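Report on the following structure.
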Amino acid sequence: MSEVENEEVLAVDSDSKDVIEEEIKNNQVLKEGNDFKAKYYYLAAEVENMRKRSEREKENLLKFGNEKVISSLVSVMDNFDLTVNALKNDNDDKVQNIVKGIDMIRSQFMDVLKQNGLTQVETIGKIFDPNFHEAVAQAPAPGKADQEIINEYQRGYLLNGRLLRAPKVVVVNNSNN
């Protein structure tokens with residue numbers, strides 16, 4: 001190659017080199033721009049997830065924040081039930097008036113608890129579900145299906161759909177006959 005051709009090749013190469021360097025810079029700027037976009041979308045999604053998580057936590061706090069208090073009041077409800085059941089068979093008119101008064105207070109008390117999300121777990125005649133019932137005994141009962149609940153020793157309650165206290169029940173077991 002002659003010197004003139006060499007200079008032309010070098011000139012072309014330096015022009016190509018400038019174009020390539022410019023192209024590399026543009027790609028880096030584009031890549032950095034895409035990185036910023038990706039980071040922006042990631043952070044936007046994180047902020048949205050935090051907002052949703054915060055809303056869920058706030059909702060659960062409102063639903064279940066009074067769980068401890070209501071759980072304590074459930075035992076007061078049990079005492080009302082025990083008192084009414086113990087006295088309702090008495091033949092004295094004064095005692096029957098007291099029982100009516102206690103029962104009215106019990107009903108009002110239960111209404112307040114219901115307004116705060118408390119519901120009673122259904123038991124008698126239902127099929128035993130270990131997620132919602134606690135079996136304390138089994139008994140044979142002709143004409144009843146196995147695992148059917150025939151008696152309830154202690155009432156169970158749900159607070160806004162979550163089990164607060166499992167009912168203690170007697171379950172049919174006819175297989176021993």
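Checking each residue in the range 82-122 for being outside any helix (DSSP H, G or I) and not small (Gly, Ala, Ser) picks out LYS88, ASN89, ASP90, ASN91, ASP92, ASN116, LEU118, THR119, GLN120, VAL121, GLU122. Scanning the range 101-122 for residues that are exposed (fewer than 12 other Cβ atoms within 10 Å of the Cβ) and basic (Lys, Arg) turns up just one, LYS114.
For the range 123-169, name all the residues that are among the hydrophobic types (A, V, I, L, M, F, W, C), in a loop (DSSP other than H, G, I, E, B) and surrounded by 15 or more Cβ atoms within 10 Å (Cβ to Cβ). Result: PHE128, PHE132, ALA141, ALA166.
Restricting the range 58-81 to residues that are exposed (fewer than 14 other Cβ atoms within 10 Å of the Cβ), under 15 Å from the mean Cα position of the chain (by Cα) and part of a helix (DSSP H, G or I), the residue that is modelled with the highest pLDDT is LYS58. Can you find a residue in the range 145-159 that is in contact (Cβ under 8 Å) with a residue 40 or more places away in the chain and either more than 14 Å from THR119 (Cβ to Cβ) or touching a Lys or Arg at 6+ places or on another chain (Cβ under 6 Å) (or both)? Yes, the range 145-159 contains at least one residue that is in contact (Cβ under 8 Å) with a residue 40 or more places away in the chain and either more than 14 Å from THR119 (Cβ to Cβ) or touching a Lys or Arg at 6+ places or on another chain (Cβ under 6 Å) (or both). Within the range 82-100, which residues are exposed (fewer than 12 other Cβ atoms within 10 Å of the Cβ) and either of a type in the set (Asp, Glu) or over 30 Å from ASN66 (Cα atoms) (or both)? Those that are exposed (fewer than 12 other Cβ atoms within 10 Å of the Cβ) and either of a type in the set (Asp, Glu) or over 30 Å from ASN66 (Cα atoms) (or both): ALA86, ASN89, ASN91, ASP92, ASP93, LYS94, ASN97. Going by the structure shown, is GLU22 at pLDDT below 75, loosely packed, with under 10 Cβ neighbours inside 10 Å and of a type outside the set (A, V, I, L, M)? Judged against the criteria, GLU22 is not a match.
Each residue in the range 69-121 was checked for being basic (Lys, Arg) and in contact (Cβ under 8 Å) with a residue 24 or more places away in the chain, and 1 of them qualify.
The values are calculated or read from the model by the stated rules, or taken from the named source; none is laboratory data. Please read all numbers here as calculations on a predicted model, not as lab measurements. In this analysis, Cβ positions are derived from the backbone assuming ideal geometry, glycine residues included, and neighbour counts consider all displayed protein chains.
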